[in-house]
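For reference, the structure discussed in these notes is given below.
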Amino acid sequence: MATQVATSFYNRLADEFETKHQFTQDTAASDRLTQLRNNAFSIFRAKGFPSIKEEDWRFTNLVPFLDLSFDVHPAGIDTDSLQQAINEQKIPGLDTYQLVLVNGSIRMDLSDLPTEDLVTVQPLRNIINESFFIDHISNNSHVGVNALVALNTAFFSDGYFVEVKKNSVLDKPLLILHLYTSDKDAFFQPRHFIVVNRNAKAEIIERSAGIKDETVTLTNSVLELLIQENAHLVHHTIQSHNNNERWLHYNHVDQQRSSRYDNFTCTLPGADLVRNNLEISLNGTATETHLYGLYLVADHQLTDNHTAIQHLHPSCQSNELYKGVIMDTGKAVFNGKVFVAQDAQQTNAYQQNNNLLLSDKAQVYAKPQLEIFADDVKCSHGCTIGQFNPESLFYLRSRGISETAARKLLVEAFAFDVTEKIDNEAVKQYVQQLIYSKLSSASVRA
Amino acid sequence: MPAERVAVAKVLPYNFTEIMDNDNNILEQLANSEYEYGFVTDIDMEIAPPGLNEDIVRMISAKKNEPDWLLEWRLKGFKAFLKQEQPHWQNFKMPEIDYQKISYYAAPKQKAKYNSLDEVDPELLKTFEKLGIPLSEQKALAGVAVDAVFDSISVATTYKEHLNKLGIIFCSISEAVQHHPELVQKYLGSVVPHSDNIFASLNSAVFSDGSFVYIPKGVRCPMELSTYFRINTENTGQFERTLIIADEGSYVSYLEGCTAPMRDENQLHAAVVELIALKDAEIKYSTVQNWYPGDKEGNGGIYNFVTKRGACRGDRSKISWTQVETGSAITWKYPSVLLIGEHSVGEFYSVAVTKNKQIADTGTKMHHIGANTKSRIISKGISAGQGQNSYRGLVQVGNKANYSRNFTQCDSLLIGDRCGAHTFPYIESKNNTVTIEHEATTSKIGEDQIFYLNQRGIDTEKAVALIVNGYAKEVLNQLPMEFAVEAQKLLSLTLEGSVG
């Protein structure tokens, strides 16, 4: 308990758990599930909220973000605003299937889903008591080591379970919209699963938004992805938020033999706090993994990207490129871990992280990390922190471009290295346009 | 293009296919090669009873006839030591250290001061000769003044007179306490405070001896200063304290090298080195470390837990660390530089070799505090057998360190499939005018490279030695000439009958 952040919120959660109010009301919880939750909560109780004394949270102090009396049973869905929010979150010019969740629960009436032979979608609460589901969660070791995942496990009640059928290729992307709304400041803990079965291919775009500007939302979401043999998943996360939103994401990817996973995480200025944990376990040989990240941080925001790739089997490839632009008094944290086990010979692991600091009050903390136990590997990482090349700026200025425009252009060019990797043309255009619109002139100015 | 000056992390042009069978034999031999410098010198010793308490601290201080302020300082260090917990963030399993089983003071009984080497106990000289440090030869050959620390007491100081003429003070720290207390009091603990970390606190409390160097204003030290440390008595942890002060506009190059005799019991070595460079001064600190690494199973061997830190206090000052680490069961140190003065420069060059079950968790910290400061880090790790090699580094830029610049390169070479290479770089910037670059690669020796050399009549063992030496060249080049030769030999010797 020494490192635990003692907050009243922690105590409130403990009381909440004691009364077991949360889950006895919506499902008749099986004994195993109750047992699982009790274990998970005892882990959280012991660890508490992560503190800056923990290596993974050294630069991200959660305490200021837990200061409100968050409502753990949010109520008051404002139906009128939902449709408007959905329209705002849609990507122009892109035809997609659509899965809408409100406060972590699926709203079929607002969704437009693919046919059952391609993809099945069901609310997580339907399977929450199934033994295969409980087996899965019990066997997942990361629940044990991560306090926030444990907290989620203790409390989650709903989420989505998306399964892409064997051999099916999704004809258009699936857009998953997470909308959160509450009359009061609220704490959400959804839990989601994506399974991409053998030889299947899918593209999923995830977006989240808190609808009410005046209330603060804190979300601790856990998403587990299983990518079966030869399957291929392209996974976009576009995080364009408003202030008063605080996000803690934990995504765990389990990749089987010869599978491929492409992740694009774009974080634009907006949310007070975004913490992305992306953990990939390569549980088969000959897998391919691409992680592309872009983070733009402005105002007082804090964006923290933690990625971890576990190379456990031979002949796997991973490639990671994260770029960040930090403006105003923004703070960015990047931690990229690549672990290569002794059996993982012929591993190719590549990682690069570049940061552009645009203000004298901006901060960046980068920690690329390699842990290698095999000798027949090619592993490298590169990391830079810098600013504009004055010569590039001069070049543009000498051609009659104003300083602000020139700076904007250079930031875009910097981000282009990541956005150009997006295959989906409409998504690429959309992200680029978001970058341009979010770069306020004031932030870019020296 | 924006000029974040992308350091494209390079991939060494090695080939990553199966290594040849005879290579495997060589690897086995590497794992089998034994430490060559194991022997115990039999000289009468005065040893304090094992155990650590306030009385021992007082006893050490009294034995050394120290002034009150120093005793006070030692006691403060002892109190800080008691308050601290063992660190747990390191990348290896921390061995149990029973501080009560260590004897904190040992001194050769013949305590006479020598003016020439002839007066030194011949057995002691033999030890040095076995170590391949011919004091007498070095005197003549390279003009190296050697302040030899044999266990805890300095027994021979050469070239002292010549240095005296220039106003350079080069003596043991106990002597400095007696003759130059004002300097010691001013600078001791000013870079590594008594409460810095548990090992530094322990050292502050019980440091036995060490070297003291003061270079006066504007003096360029005409020779390489060097101290050979050597652990000799069983159960005597060594707690050296080195303090080097380069006054304005001066220059000094300091060499530290060590070998230790073979024994079974683990020995703790918790030294502290403090460097202070004032305006326009430059300090170059080179280390060749070849302490007893333990046997094949990892039994015995030295724990080398050292706190080394330099402060570039003045403008345009420079501190450069160069280290070649081949010994010790566990090497755990981060020679660091505080870049306080404007335009000051910090450098860190390191080669760390681990084989058998050796562990190295080493790297550097560069704190950019003043404007226009520069730092450069080149770290080359070589892991063989079951050795584990970690680079852990911090580059920190404060908001006043405008236009600062850092370049970091850390490469790892893996020999054998049971070793490990790890990198933990921390890169932190609060300044938008700085440029920081970091790159790291991990690879093994390519079959095609070995084949190329084989083809030209060079056997595999020599080929590997050649490749490893080439790999480490960038660092070895930084060493002073005599040391570079020794280091190169050491590197080949370490990997001899193994990989080269």
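The values are calculated or read from the model by the stated rules, or taken from the named source; none is laboratory data. What you are looking at is a predicted structure, and each value in this text was computed from that prediction instead of being measured. Don't worry about glycine lacking a Cβ; one is built from the backbone with ideal geometry, like all the others, and counts go over all protein chains shown.
Worth a mention:
- Selected residue [part of a strand (DSSP E or B) and within 11 Å of chain A (Cβ to nearest Cβ)] from B:ASP411, B:ASP417: B:ASP411
- Residues that are part of a loop (DSSP other than H, G, I, E, B), modelled with pLDDT of 75 or more and of a type in the set (Lys, Arg), drawn from region B:62-117: B:LYS64, B:LYS93
- Only one of the listed residues (B:GLY457, B:GLY497) is away from chain A (no Cβ under 14 Å), at pLDDT 85 or above, in a loop (DSSP other than H, G, I, E, B) and more than 27 Å from A:ILE385 (Cα to Cα). That residue is B:GLY457.
- The single condition among (1) modelled with pLDDT under 90; (2) touching a Phe, Trp or Tyr at 6+ places or on another chain (Cβ under 7 Å) that A:VAL325 does not satisfy is (1).
- For region A:329-356, residues that are in contact (Cβ under 8 Å) with a residue 60 or more places away in the chain and either acidic (Asp, Glu) or facing chain B (nearest Cβ under 7 Å) (or both) total 1.
- Filter result for B:THR433 (modelled with pLDDT of 85 or more and assigned to a loop (DSSP other than H, G, I, E, B)): yes
To keep it simple, each residue is scored yes or no on (1) surrounded by 14 or more Cβ atoms within 10 Å (Cβ to Cβ); (2) in contact (Cβ under 8 Å) with a residue 40 or more places away in the chain; (3) under 17 Å from A:THR181 (Cα atoms).
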site	(1), (2), (3)
A:LEU82	yes, yes, yes
A:PRO92	no, yes, no
A:ASN103	yes, yes, yes
A:ASP112	no, no, no
A:GLU116	no, no, no
A:LEU124	yes, yes, no
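- Listed by first and then second residue, the pairs with beta-carbon distance under 7 Å, at least 6 apart or on different chains, first residue in region B:177-203 and closer than 21 Å to B:LYS79 by Cα, second among the hydroxyl-bearing types (Ser, Thr, Tyr) and assigned to a helix (DSSP H, G or I), are B:GLY189/B:SER204; B:HIS194/B:SER201; B:HIS194/B:SER204; B:SER195/B:SER201.
- Filtered residues of region A:372-400 (kept if more than 30 Å from B:ILE445 (Cα to Cα) and in contact (Cβ under 8 Å) with a residue 24 or more places away in the chain): A:ILE385, A:GLY386, A:GLN387, A:PHE388
Listed here are the residues, each with its yes/no results for (1) surrounded by 22 or more Cβ atoms within 10 Å (Cβ to Cβ); (2) more than 7 Å from chain A (Cβ to nearest Cβ).
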{"residue": "B:LYS374", "(1), (2)": "no, yes"}
{"residue": "B:SER379", "(1), (2)": "yes, yes"}
{"residue": "B:LYS400", "(1), (2)": "no, yes"}
{"residue": "B:ASN406", "(1), (2)": "yes, yes"}
{"residue": "B:PRO425", "(1), (2)": "yes, no"}
{"residue": "B:ASN432", "(1), (2)": "yes, no"}
{"residue": "B:HIS438", "(1), (2)": "yes, no"}
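Yes/no per residue for (1) of a type in the set (A, V, I, L, M, F, W, C); (2) in contact (Cβ under 8 Å) with a residue 40 or more places away in the chain:
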site	(1), (2)
A:GLU214	no, no
A:VAL234	yes, yes
A:THR237	no, no
A:TYR250	no, yes
A:GLN256	no, no
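- Residues of region A:117-135 satisfying the condition of being closer than 14 Å to A:VAL195 by Cβ, modelled with pLDDT under 90 and touching a Leu at 6+ places or on another chain (Cβ under 9 Å): A:PHE133
- Screening B:TYR35 against (1) surrounded by 13 or more Cβ atoms within 10 Å (Cβ to Cβ); (2) within 25 Å of B:ASN304 (Cβ to Cβ); (3) at pLDDT 55 or above leaves a single unmet condition, (3).
- Subset tally (residues that are on the phi > 0 side of the Ramachandran plot and touching a residue at least 40 places away in the same chain (Cβ under 8 Å)) for region B:338-362: 1
- Tally, over region A:357-404, of residues that are at the interface with another protein chain (Cβ under 7 Å from one of its Cβ atoms) and among the basic types (Lys, Arg): 2
- Helices (runs of 4 or more DSSP H) wholly inside region A:40-147 that include at least 2 residues being aromatic (Phe, Trp, Tyr): A:131-139
- Conditions (1) modelled with pLDDT of 75 or more; (2) buried (at least 22 other Cβ atoms within 10 Å of the Cβ); number of the one not met by B:LEU278: (2)
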